Each structure stands twice: as C-alpha cells, then as structure tokens.
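Below you'll find the structure, written out as structure tokens, and then a few comments.
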Amino acid sequence: MTQDPRAAIAAEPMRAAQIVVVALCIALNALDGFDVLAISFAAPGIAAEWGIDKARLGLLLSMELFGMAAGSVLIGNVADRIGRRPTILGCLVAMAMGMLAAWAAGNLQMLSAARLFTGLGIGGMLSATSATVAEFSNDRRRGLNVSLNIAGYSTGAILGGLLASALLAGIGDWRSVFLLGAVATSAAIPLAFFLLPESVDSLIARRRPDAMMGVNATLARLGRAPIARLPPPPAQVEKPSVMTLFSSRYAGVTLLLAIAYFAQIMFFYYVQKWIPKIVVDMGFDQASAGRVLVTANIGNLAGAVAIGLAAQRFALRPLVIAAMLAGVVAIAVFGLGFHDLAKLSAAAAVAAFFINAGVVGMYPILAQAYPAALRASGTGLVIGIGRGGSAVGPVVAGALFAGGSGLMAVSLVMGAGGLVAAAMLVLLPRALRRTAERPASDEPNGNRF
C-alpha cells in the first residue's frame with residue numbers, strides 16, 4: 001500500500017526544500033508588511049501636501065484594507081481551486097502594479113484606487129502563504145512556522161520602515177516610499193517562480209487529471225520517493241466555497257473565528273495606522289513618527305515569535321486569550337499620551353507585543369480548524385471578514401479624533417476589540433466539538449487548543 005505523502009511530510013523532520021518554502025513565504029509576508037504600512041509612513045506628507053483632514057485621512061489609510069478584505073475572501077477561494085503557487089505569483093504581480101500606481105498618483109482619488117488594488121494582492125497573498133506554510137511543515141513545527149510566517153509582516157514593516165524613515169529624512173518625498181515597495185515586490189516575483197512548488201495537500205485535495213504528476217514533481221523537489229497512485233479521496237469531499245464554510249458543519253466555527261479576528265485586527269490596525277499621525281500631532285517630526293512606528297513593529301515581531309515559541313510547550317488557545325486581554329491593558333497605558341519620545345515608543349512597543357501576539361496566534365488556530373480542501377478558503381474568509389475590522393478601525397479612530405475625543409478615550413474604545421476577540425475564543429471549543437468528524441487523512445494537526 002502506497003504511503004500517504006501528507007502523512008510522511010507531517011511526521012518526519014523537515015527537509016531543506018521545505019525550509020526554503022517556509023522562508024520564502026515569510027519573505028513574501030515581509031513585503032506585505034511594508035506594502036501595507038507604506039501609507040502610514042507616507043500619511044503625514046500626504047496630509048500636508050494635499051490638505052487632508054483626519055476623517056478623510058482615516059478613509060485613505062483604510063483603502064488597501066478594504067482591498068485586503070476582498071482579496072482574502074475571493075483569492076483565498078481561488079487558491080483552493082487553482083493551487084497555492086499560481087495564486088501567490090498573481091498576487092505578487094498585483095502588489096507590484098499597485099505600489100507603482102501609488103507612486104505615480106497625482107490626486108487623492110488615484111492614490112485611493114491604487115491602494116485598493118494593492119490590498120487585493122496582499123489579502124490573497126496572506127491566505128495563500130498561510131495555507132502553504134501549514135502544508136509544507138511537519139506536525140512539530142507547524143504552529144511555530146505559521147506564526148513566523150505572520151511575523152514576516154512585522155519584519156517587513158521594521159526593515160522597510162527604517163528605509164522609509166531614511167528616505168523621508170533624506171528626500172522628504174512621500175512618493176519614494178511607494179517606489180521602494182514597487183521595486184522590492186517586483187524583485188520577489190522571479191524568486192517565487194523558481195523556488196516555490198505546489199503543495200502536496202493542494203494537489204491531492206483538488207485531484208486534477210495531472211495531480212499525481214504534480215505530487216511526484218513536488219516530492220522530488222523535497223527529496224522524497226514518488227508515489228504510484230493518489231491516496232483514496234475522503235468519504236465526504238468538501239467543495240471550497242462560502243456555502244460550505246457556512247454549512248451546518250462549519251458555521252459555528254467560522255462565525256466565532258471571523259468575529260474574533262475582526263475585533264482583534266480592528267484593534268491592531270488602530271495602532272498600526274494612527275501612530276505616525278498621533279506622534280506628529282504631539283509636535284514631533286515625520287522621521288521621529290516613523291521611528292516610533294518601527295519600534296511598535298519590533299514589539300509586533302517579538303510578540304509573534306513569542307506566541308509561536310510558547311505554543312510549542314503550552315496549549316495555544318489560552319495563550320492567545322491571555323495575550324488579547326493583556327493588549328487591552330497595554331493600550332490603556334499607551335493612551336496616557338507620554339510626551340517623552342522614549343516612553344511613548346516603549347508604550348507603543350509593549351501594546352503592539354500583546355496585540356499582535358493575539359493576531360498571530362489566530363493563524364495556527366485557523367490552520368487546525370479546517371481540512372486541506374478548505375484551508376485557504378476558510379483562512380481567506382475569516383481573514384477577509386476580519387479585514388473589515390482592519391478597514392473599520394482607522395476610520396472609526398479618525399472619526400473619534402475628528403469629533404474631539406482624546407487619545408485615552410479612542411484607545412479604550414478600540415481596545416474593546418481585544419475583549420470581544422477573547423470572548424469568541426473562549427466559546428470556540430464547543431463549536432469545534434460540534435463539527436462533524438473529519439477523515440483522518442485530511443485532519444489538520446499541530447498545536448493543542
């Protein structure tokens with residue numbers, strides 16, 4: 001009997017080619033991190049040049065987040081239908097084109113449209129790479145690798161932010177930030193083309209006529225023996241669609257995860273999108289504001305790595321709930337509005353540490369909650385609905401600021417998202433128990449809940 005290659009990949013130590021795939025996905029998410037936050041670094045310069053008030057600036061800051069919401073849902077489903085590899089390549093092309101269009105934008109409408117288009121590619125990329133990393137990882141490292149993949153976002157924001165701050169300090173032109181993103185994203189396209197194979201899980205789940213040829217091609221790249229026939233299909237084949245995700249089998253899990261992600265990501269993007277403007281309004285220059293945001297993203301990165309490492313030893317769900325609740329306390333401290341730059345940076349970093357640990361911890365939970373045939377679709381749908389929170393967050397904060405609310409009041413309102421997210425994860429085990437038993441060969445494995 002031919003061994004199921006998915007079982008071998010899950011049980012055996014990771015090989016060099018698998019590590020390369022995971023590292024490449026982390027690098028691609030680093031591009032995501034910079035591309036998303038490019039508008040945050042550029043925001044003070046845009047507001048000054050075009051005379052944009054806070055309410056309109058909040059809408060502009062959310063444009064790529066609306067695109068990410070749509071991209072996560074639509075392109076996540078595409079990744080389950082056509083495969084991870086072509087989806088990732090297409091998203092890279094869209095991101096590069098969007099960043100180039102933002103660089104060339106001559107007015108607010110053009111810039112908004114460019115950011116919306118960029119967001120489509122970023123949203124699809126996040127769904128596809130999350131599924132790819134889960135499927136190329138073994139059981140022991142899956143939770144850590146998925147967390148590190150999302151941590152790539154913060155790494156890109158840190159490294160790109162340092163470069164963006166240097167550009168703004170030296171050139172002073174906000175458009176240079178988008179040009180930097182366009183060049184870096186374009187350079188990643190050939191790397192992904194040559195280094196990224198299609199995942200075995202995706203090929204077997206889709207079962208196209210050439211599936212066995214594709215599986216053996218990937219196995220050869222991983223240094224594994226070929227198979228003579230595909231493993232038998234599961235007794236119940238899951239069709240990747242929104243209807244399946246909201247069927248009686250998955251609706252409870254999907255709703256709880258979507259609400260949790262929506263609330264936590266709304267909280268996260270309040271910090272990510274508004275820090276530069278908050279700091280500038282306190283009297284500091286744009287370069288200093290950019291450095292505070294970089295410091296916050298160092299906190300993001302540390303939180304992502306910490307939750308991934310801790311999940312190797314402890315149950316994941318309680319860790320994520322604790323991080324979400326700690327983030328609420330930390331944002332209240334940030335809301336005190338320290339006028340010392342070092343204290344303000346430290347408060348932002350601590351808040352970002354816990355808030356992002358809560359966000360990143362959601363991704364391994366998503367990878368476990370859905371079978372391979374639905375993994376990108378389920379992850380994409382939850383992220384897509386959640387990205388509504390990422391888009392709403394900056395808009396709500398902008399409206400509150402424009403209405404005269406102070407930093408503490410706005411921070412507490414946005415921090416309520418962490419309380420909602422934690423409550424949804426408390427309820428999650430009950431919904432998972434109600435999910436019908438999955439075929440053993442397609443059961444997600446990894447960290448304990």
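Overview of values
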quantity	calculated
Evaluation of residue 106 against (1) assigned to a helix (DSSP H, G or I); (2) out of contact with any Asp or Glu (no Cβ under 7 Å at 6 or more places or on another chain) (one fails), failing number	(1)
Hits in the range 193-214 - residues which are among the acidic types (Asp, Glu) and more than 14 Å from residue 233 (Cα to Cα)	198, 210
Residue count, the range 309-334 (criterion: in contact with a Ser or Thr (Cβ under 9 Å, 6 or more places away or on another chain), open to solvent by less than 30 Å² (accessible area, probe 1.4 Å), farther than 24 Å from residue 274 by Cα and not in a loop (DSSP other than H, G, I, E, B))	0
Which listed residue is under 27 Å from residue 51 (Cα atoms) and surrounded by fewer than 22 Cβ atoms within 10 Å (Cβ to Cβ), from 337, 252	337
Residue in the range 408-422 that is open to solvent by 10 Å² or more (accessible area, probe 1.4 Å), within 30 Å of residue 204 (Cα to Cα) and more than 17 Å from the chain's Cα centre (by Cα) present	no
Lone unmet requirement of (1) more than 29 Å from residue 292 (Cβ to Cβ); (2) of a type outside the set (Asp, Glu); (3) in contact with a helix residue (DSSP H, G or I) (Cβ under 6 Å, 6 or more places away or on another chain) for residue 168	(1)
Any hit, the range 21-33, residues being open to solvent by less than 30 Å² (accessible area, probe 1.4 Å), modelled with pLDDT of 90 or more and either among the hydroxyl-bearing types (Ser, Thr, Tyr) or touching a Pro at 6+ places or on another chain (Cβ under 8 Å) (or both)	yes
The range 121-144: number of residues that are modelled with pLDDT of 85 or more, buried (at least 24 other Cβ atoms within 10 Å of the Cβ) and either hydrophobic (A, V, I, L, M, F, W, C) or in contact with a strand residue (DSSP E or B) (Cβ under 6 Å, 6 or more places away or on another chain) (or both)	7
Condition check for residue 358: out of contact with any Lys or Arg (no Cβ under 7 Å at 6 or more places or on another chain), of a type outside the set (Ser, Thr, Tyr), modelled with pLDDT under 85 and within 25 Å of residue 61 (Cβ to Cβ)	no
Residue under evaluation residue 5, criteria (1) open to solvent by 40 Å² or more (accessible area, probe 1.4 Å); (2) more than 30 Å from residue 395 (Cα to Cα); (3) in contact (Cβ under 8 Å) with a residue 40 or more places away in the chain; (4) of a type outside the set (Lys, Arg), criterion not met	(1)
Boolean, residue 401 is outside any helix (DSSP H, G or I), farther than 26 Å from residue 84 by Cα and at pLDDT below 90	no
The range 48-65 - residue that is part of a helix (DSSP H, G or I) and open to solvent by 10 Å² or more (accessible area, probe 1.4 Å) and, of those, farthest from residue 403 (Cα to Cα)	49
Subset tally (residues that are within 24 Å of residue 60 (Cβ to Cβ) and in a helix (DSSP H, G or I)) for the range 404-428	8
Residue list for the range 367-386, filter: in contact with a Phe, Trp or Tyr (Cβ under 8 Å, 6 or more places away or on another chain) and assigned to a helix (DSSP H, G or I)	368, 374, 377, 378, 379, 382, 383, 385, 386
Residue pairs meeting the criteria (Cβ under 8 Å; at least 6 apart or on separate chains; first more than 28 Å from residue 20 (Cα to Cα) and open to solvent by 20 Å² or more (accessible area, probe 1.4 Å), in the range 145-170; second at pLDDT 80 or above and among the hydroxyl-bearing types (Ser, Thr, Tyr))	167/176; 168/176
Residue list for the range 281-308, restricted to those being touching a Pro at 6+ places or on another chain (Cβ under 6 Å) and either over 16 Å from residue 339 (Cβ atoms) or open to solvent by 40 Å² or more (accessible area, probe 1.4 Å) (or both)	286, 293
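The values are calculated or read from the model by the stated rules, or taken from the named source; none is laboratory data. Just so we're clear, the structure is a prediction, and the values are computed from it rather than from any experiment. FYI the Cβ positions are ideal-geometry reconstructions off the backbone, even for glycines, and counts take in every protein chain you see. Ligands, DNA and RNA are stripped out before the accessible areas are found, and what is left, the full protein with its side chains, is counted by its heavy atoms. Shrake-Rupley method; radii C 1.70, N 1.55, O 1.52, S 1.80 Å.
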